[in-house]
Each structure stands twice: as structure tokens, then as C-alpha cells.
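Heads up: the structure comes next, in C-alpha cells.
The values are calculated or read from the model by the stated rules, or taken from the named source; none is laboratory data. Since the structure is predicted, the reported quantities are computational estimates derived from the model, not experimental observations. Neighbour counts are summed over all protein chains in view; Cβ atoms, including those assigned to glycine, are modelled from backbone coordinates with ideal geometry.
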Amino acid sequence: MSESLQEIVTYYKNQGAPGDQAALLSCLREAQQACGGMLDSAAQAQIAALLGVKPSYLQAVAKRISDLKLSGAAHTLTVCTGVNCTRKGSEIRRYLEQELGAQPDKTFLGGKWMYRIAGCQRACRTAPNVRIDGELITGITLDALKKRLQAP
């Protein structure tokens, strides 16, 4: 276990985690940063052991929080497939799937990004829309998406 991860978990345990949900979420977010943007199964097991809970408990909590990544990639890109987004954003999916080789529910760009597709995001007037790490980005252009994908 990395020393910094142990320090993070110990600090938040003293702040009331896992019983205090705010402390637990802060712990998981900070641990995710220390682990390079993702809490893989090894990190989850280490955190659970230090907090005295089952890893499945951490997974259940983390799955409900969109900025916590449990596996796959550090970042998630979800493309809306609603009618307006499909019509106005066809070049986005073409770029992702044909030029970058992205496939739904698979990682791309060296494992840094997870590609997902979803139904209507209910922001049809500002199509095309995507979600990046859970944040809705409306009216995105292909150039803007390319810049986001290149960012660290």
C-alpha cells in the first residue's frame, strides 16, 4: 500500500469515515487522486481494510457518485444518442469510432478514456451533448471535444 493512500484513509477514518458519509466521500475522492484518477480493485481492497468495511460496501457507495471511477479508465465520455444529438453530432461519433477506434463500453486512447453511449440527455435544444466524467457538456463541437480528450 502506498504511504500516501494509508495517510489519506487514516486521516478520514479519524474524521468519522466510514460512518460519516461526507468524510467517506472526501476520503474516496482524495484517494482516487492519489491513485492516478481511478480506484481499482486493489485500492478499494486496501481502503476497505483500513476502514474496516467490505470492498462491496465501498463499491456500492462509489457507484452512486459520478466522479468516482472504480475501473476501466480515469475518465468517462458518454455520448448522447437522442434524435437531435445524433443528427447534429454525427461527426462526433464518427470521429470517436472510426478515427480513434472507440467502442461502446471499452476504453480508448491508451486506456485513459471509457466510451459510453446513452439515450437522450434531455438537453435537446443545445445538441450535440456529451457527458464528461458525469458533467453534461451541451452544444459541444468536434474541436472542443478533441481538446477535452487531449487534456491531462
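Summary of computed values
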quantity	calculated
Every pair of residues 6+ apart whose Cβ atoms lie under 8 Å, when the first sits in the stretch 92-118 and is acidic (Asp, Glu) while the second is loosely packed, with under 14 Cβ neighbours inside 10 Å	Glu97/Gln103
Qualifying positions in the stretch 59-84 - under 22 Å from Thr107 (Cβ atoms) and at pLDDT 90 or above	Leu77, Thr78, Val79, Cys80, Thr81
Residue under evaluation Leu51, criteria (1) in the same structural domain as Ile132 (by TED's automatic domain parsing); (2) modelled with pLDDT of 95 or more; (3) touching a Lys or Arg at 6+ places or on another chain (Cβ under 9 Å), criterion not met	(1)
Residue that is surrounded by the most Cβ atoms within 10 Å (Cβ to Cβ) [pool: residues in the stretch 122-136 that are touching a helix residue (DSSP H, G or I) at 6+ places or on another chain (Cβ under 8 Å) and hydrophobic (A, V, I, L, M, F, W, C)]	Val130
Matching residues, the stretch 60-109, being farther than 25 Å from Cys124 by Cα and assigned to a strand (DSSP E or B)	Lys106, Thr107, Phe108
Long-range neighbours under 6 Å by Cβ, at least six apart or interchain, first residue over 20 Å from Leu109 (Cα atoms) within the stretch 128-147, second in a helix (DSSP H, G or I) and among the charged types (D, E, K, R)	Pro128/Lys88
Any hit, the stretch 17-24, residues being part of a loop (DSSP other than H, G, I, E, B), over 19 Å from the mean Cα position of the chain (by Cα) and under 15 Å from Val130 (Cα atoms)	no
Of the criteria (1) crowded, with 17+ Cβ neighbours inside 10 Å; (2) modelled with pLDDT under 95, which one Leu145 fails	(2)
